[in-house]
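S.K.: Next up is a structure, given as structure tokens.
The values are calculated or read from the model by the stated rules, or taken from the named source; none is laboratory data. The structure presented is a predicted model; accordingly, all values stated were derived computationally and were not measured. When we count neighbours, we look across all protein chains shown, and the Cβ atoms used for this are built from the backbone with ideal geometry, even at glycine.
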Amino acid sequence: MHIILSHSGDLLAGFGVTIELTLLGFAGAVILGTFLAIFRVVPVAPLRVAGAIYVEFFRNIPLLALLILVIFGLPDVGVTYSLFVSATICLALSGAAFVCEAMRAGINTVPVGQAEAARAIGLTFVQSLRHVILPQAFRTMVQPLVNVFIGVALSSSLAAAVGVSELTNRTQQLNLRYAEAVGSFLVAGVLYLLLALTGGGVGGWLERRLAIRR
């Protein structure tokens, strides 16, 4: 335990990188997933097909395989990013598929009459989504989106396999130097648990706030 305490600064620095990966990856997933969800419900067949293909591909490819493809494959075609940026992109691409499905499910919970009423007063499809459908659907999306956030947080540990100096990577380095596997990974597990519980707590608070406005 003395070794872990003496290297707590390294672990906390790695935890900071993990938080950055999680927040940036989740933000990217929400932005991209929102557009994909619109593609899945828009009355334009090619866009619906494109959205469906994206979701099926990125939901069924392992994140580690995606990380390897992006980090070691893109330089072969002349595209180079830092390890951190590459990992963030992969987390966003993978998470967007799950955000898309969470949003599409939320959109489907809004009664059809709401969309028909929006069209009756002259709103376009995009205006209907923005002002009528999505605000109502978001109430049912909170917990699914929280699950995606937690998934992104835990999946960020795979970035250690490609050299990103986040929490798991620094924990592995500590274990290799001092053979403190149980203690170091126990501390890392507690930090991941703290991040996941924080995300769940924020999601629960947001869900309660939205429920009050109904």
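S.K.: State whether one or more residues within the stretch 169-179 are surrounded by fewer than 16 Cβ atoms within 10 Å (Cβ to Cβ), outside any loop (DSSP other than H, G, I, E, B) and either in contact (Cβ under 8 Å) with a residue 40 or more places away in the chain or touching a helix residue (DSSP H, G or I) at 6+ places or on another chain (Cβ under 9 Å) (or both).
M.R.: yes
S.K.: Scan the stretch 124-167 for residues that are surrounded by fewer than 18 Cβ atoms within 10 Å (Cβ to Cβ), modelled with pLDDT of 80 or more and either outside any helix (DSSP H, G or I) or in contact with a His (Cβ under 6 Å, 6 or more places away or on another chain) (or both) and jot them down.
M.R.: Residues satisfying the conditions are GLY163, SER165.
S.K.: Yes or no: the stretch 175-189 includes at least one residue that is closer than 22 Å to ASN147 by Cβ and among the hydroxyl-bearing types (Ser, Thr, Tyr).
M.R.: Scanning the stretch 175-189, I find no residue that is closer than 22 Å to ASN147 by Cβ and among the hydroxyl-bearing types (Ser, Thr, Tyr), so the answer is no.
S.K.: Which of the residues that make up the stretch 86-120 are surrounded by fewer than 14 Cβ atoms within 10 Å (Cβ to Cβ) and not in a helix (DSSP H, G or I)?
M.R.: PRO111
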